[in-house]
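Chemist: Before anything else, here's the structure in question.
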Amino acid sequence: MKSTFKKFIGLIIGLIVLNVISNYIFKRFDLTQDKRYTLSETTLDILKNTKEPLYIDVFLEGNFPGQFKKLQSETKQMLEELKAYNSNIVFQFVNPLENPDEADAIMQQFYERGLTPIKISVDDKGKQSQEVVYPWAIATYKNKSTKIPLLKNKMGATTEEKVISSVQHLEYAFADGLHKITTPKKKKIAVIKGKNELPDVFKADFLQTVRDNYFIAPFPLDSVKTNPQLFEKALKTFDLAIIAKPKSAFSDVEKQVLDQFIINGGKTLWLVDAVNMDMENLNQTGSTLAFPMDLGLNDMFFKYGFRINPVLIKDMQSVPIALATGKRGSETQYQNYPWLYSPFVFTESKHPIVNNIDGIKFEFTNPIDTLKNGIKKTVLLKSSPYSRKIGTPVEVNLEMVNEKPEAKDYTPGNFPVSILLEGQFHSVFENRVLAFKTNDFKAVGKSSKMIIVSDGDIIKNQLDDKGQPMELGFDKWTNQLYANKEFLMNCVNFLLDDNGLINIRGKEVDLPLLDQEKVHEEYTYTQFLTIGLPLVILGIFGIVINYFRKRRFAR
């Protein structure tokens, strides 16, 4: 009796000591094979900066299939993990459509905020029903809030594949959202103007999204001739320059300003075409001429280690276009046709910029060649294996939708259309006469990065019937949402990321899911296996224990 009492007292003392120690030493153990609940250092740093309550409302609540239940549970576990490291994280799961009387008004509010729902089929023992689900969360910190997407809507993917992709994306989604509202803006982006580039209304959605994380301002490159030294110094105060679909040639003075920005460590995102061709002109005339466009940048690009060829890519893996086929009453009828000049680009690369990303819509893009010059080059995107080059000048007309392409004519393909360059760039004016005198010219500078995309239209958003910008990547004619915005935002974040946020995107999660068809085929067996068998085992265990107890006390 005394021995038992001593053990009990020892246990109590041990628990007290362990509890005291736990107040000073915090440690969690992730026993999953893929370490899905081990937060990255970047996420932990973001949590450390959260000094006040941060509220997260998750709308992934309601009656939906097991796959979405899995996404719900994984989301809840991720939030519990965040809260374990910072008690200021306060979250709740809400069903926004729980009250039928308020459902329409709430759906309208959500639509205005860009919280688009998805409709899913719920199968309950053969009975089909439709449910509306909002796979979103809203995070609020002080007077700022942001929306967080929980479901990656990959076109052509099964529900299971979407859930797996979404679970892999969860930490990045929450870390990115929390970073937006808790971390003050620091980096500055210059949007190059004055080169007959794409109008702002067609870049509006992208620029607005970028503005959430970074300071952004136009930079009038066409004005540098008035005082090139002053403009060169001004551009160096920015961290990133975006050149989006220019159509006017760059002068040597303008190139020197950009060149010295790059040599001094400035990052650049080039969205440029080597062929003059626009879908607007084609839609108006039905036929137009595509011809090479000289922007005066060839020597600059060659020095940096790449070349954009003035030819077009036709790809059998393409995005459809909608063409008018007639009228029904007063309404114009449209039909989708394959359009080989709009490659639908997927990637299998594991680079953080493009890992786990959906298909991207290109339009009249050009192949990129890489040159040996000591700069590290990574191909981010390329056309499909069934694509070919079309020399220019060439006539392009809408009648081409009736073409019947054969695979043997569209190989070998795989032409690079986006490349990442990293290293110490050499100035294009190295061993050359400068376009203007400067006291701090550098021929070789700091290590830097740039991304080249051989399609200026990749940044272009469509306009609705009222002339207002729509979400980048959304095609109102086919009602498809492409991953253009996600890709470009990943490019910006990678070029400017100094806290490793973009690297979270490379996280891989092995998420086992039930085979739904097999479950339906063997419903009774599955039900017995998951519910009945544990009860049977528990009953047998109880009978055995009861039998031995009777034998023991019978003696």
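Chemist: Show the residue pairs that are 6+ apart or on different chains and have beta-carbon atoms under 8 Å apart, the first residue being within segment 400-423 and at negative phi, the second being assigned to a helix (DSSP H, G or I).
Modeler: Within 8 Å, the pairs are Leu420/Phe494; Leu421/Tyr304.
Chemist: Lys449 versus (1) at pLDDT 95 or above; (2) closer than 19 Å to Val345 by Cβ; (3) open to solvent by 10 Å² or more (accessible area, probe 1.4 Å): which is the lone unmet condition?
Modeler: Going through (1) at pLDDT 95 or above; (2) closer than 19 Å to Val345 by Cβ; (3) open to solvent by 10 Å² or more (accessible area, probe 1.4 Å) one by one, Lys449 breaks only (2).
Chemist: For the condition open to solvent by 30 Å² or more (accessible area, probe 1.4 Å), in a strand (DSSP E or B) and not hydrophobic (A, V, I, L, M, F, W, C), what is the one hit in Thr268, Thr237, Thr288?
Modeler: The conditions single out Thr288.
Chemist: Of the conditions (1) in a loop (DSSP other than H, G, I, E, B); (2) open to solvent by less than 50 Å² (accessible area, probe 1.4 Å), Asp440 fails just one. Which one is it?
Modeler: (2)
Chemist: Could you please let me know if Gly413 is crowded, with 16+ Cβ neighbours inside 10 Å, modelled with pLDDT under 95 and part of a strand (DSSP E or B)?
Modeler: So Gly413 does not fit the description; no.
Each row is one residue, and each column tells you yes or no for (1) part of a helix (DSSP H, G or I); (2) without any contact (Cβ under 8 Å) to a residue 12 or more places away in the chain.
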| site | (1), (2) |
| --- | --- |
| Asp57 | no, no |
| Glu80 | yes, yes |
| Ala84 | yes, no |
| Ile106 | yes, yes |
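Chemist: Would you confirm whether or not segment 366-375 contains a residue that is open to solvent by less than 60 Å² (accessible area, probe 1.4 Å), closer than 22 Å to Lys152 by Cα and touching an Asp or Glu at 6+ places or on another chain (Cβ under 7 Å)?
Modeler: Checked segment 366-375: no residue is open to solvent by less than 60 Å² (accessible area, probe 1.4 Å), closer than 22 Å to Lys152 by Cα and touching an Asp or Glu at 6+ places or on another chain (Cβ under 7 Å).
Chemist: Filter segment 200-214 down to residues that are without any contact (Cβ under 8 Å) to a residue 40 or more places away in the chain and under 15 Å from Gly456 (Cβ atoms) and give me whichever is nearest to the chain's Cα centre (by Cα).
Modeler: Leu207
Chemist: Which of the residues belonging to segment 299-326 are surrounded by fewer than 14 Cβ atoms within 10 Å (Cβ to Cβ) and over 20 Å from Val401 (Cα atoms)?
Modeler: Matches in segment 299-326: Asp299 only.
Chemist: Please enumerate the residues belonging to segment 158-193 that are open to solvent by 30 Å² or more (accessible area, probe 1.4 Å) and farther than 30 Å from Ser73 by Cβ.
Modeler: Pro184, Lys185, Lys186, Lys187, Lys188, Lys193 - these are the residues of segment 158-193 that are open to solvent by 30 Å² or more (accessible area, probe 1.4 Å) and farther than 30 Å from Ser73 by Cβ.
Chemist: Would you check if Gln260 is over 16 Å from Ala190 (Cα atoms) and out of contact with any Lys or Arg (no Cβ under 6 Å at 6 or more places or on another chain)?
Modeler: The answer is no for Gln260.
Chemist: While we're looking at this one, here's another question. For a quick check of your reading: which strands (runs of 3 or more DSSP E) sit entirely within segment 308-362 and have at least 2 residues that are over 26 Å from Asn490 (Cα atoms)?
Modeler: Counting at least 2 such residues, we get 318-328, 331-345.
Chemist: Okay, moving on. How many residues are farther than 15 Å from Thr159 by Cα, in a strand (DSSP E or B), at pLDDT 80 or above and not small (Gly, Ala, Ser) if we restrict to segment 115-145?
Modeler: The total comes to 5.
Chemist: Follow-up. Here are some conditions: (1) farther than 21 Å from Ile452 by Cα; (2) open to solvent by less than 30 Å² (accessible area, probe 1.4 Å); (3) touching a Pro at 6+ places or on another chain (Cβ under 6 Å); (4) not small (Gly, Ala, Ser). Pro338 meets all but one. Which one does it not meet?
Modeler: (2)
The values are calculated or read from the model by the stated rules, or taken from the named source; none is laboratory data. The structure presented is a predicted model; accordingly, all values stated were derived computationally and were not measured. We place every Cβ from the backbone using ideal geometry, glycine too, and count neighbours over all the protein chains shown. SASA here: full protein model, heavy atoms, side chains in, ligands and nucleic acids out. Shrake-Rupley method; radii C 1.70, N 1.55, O 1.52, S 1.80 Å.
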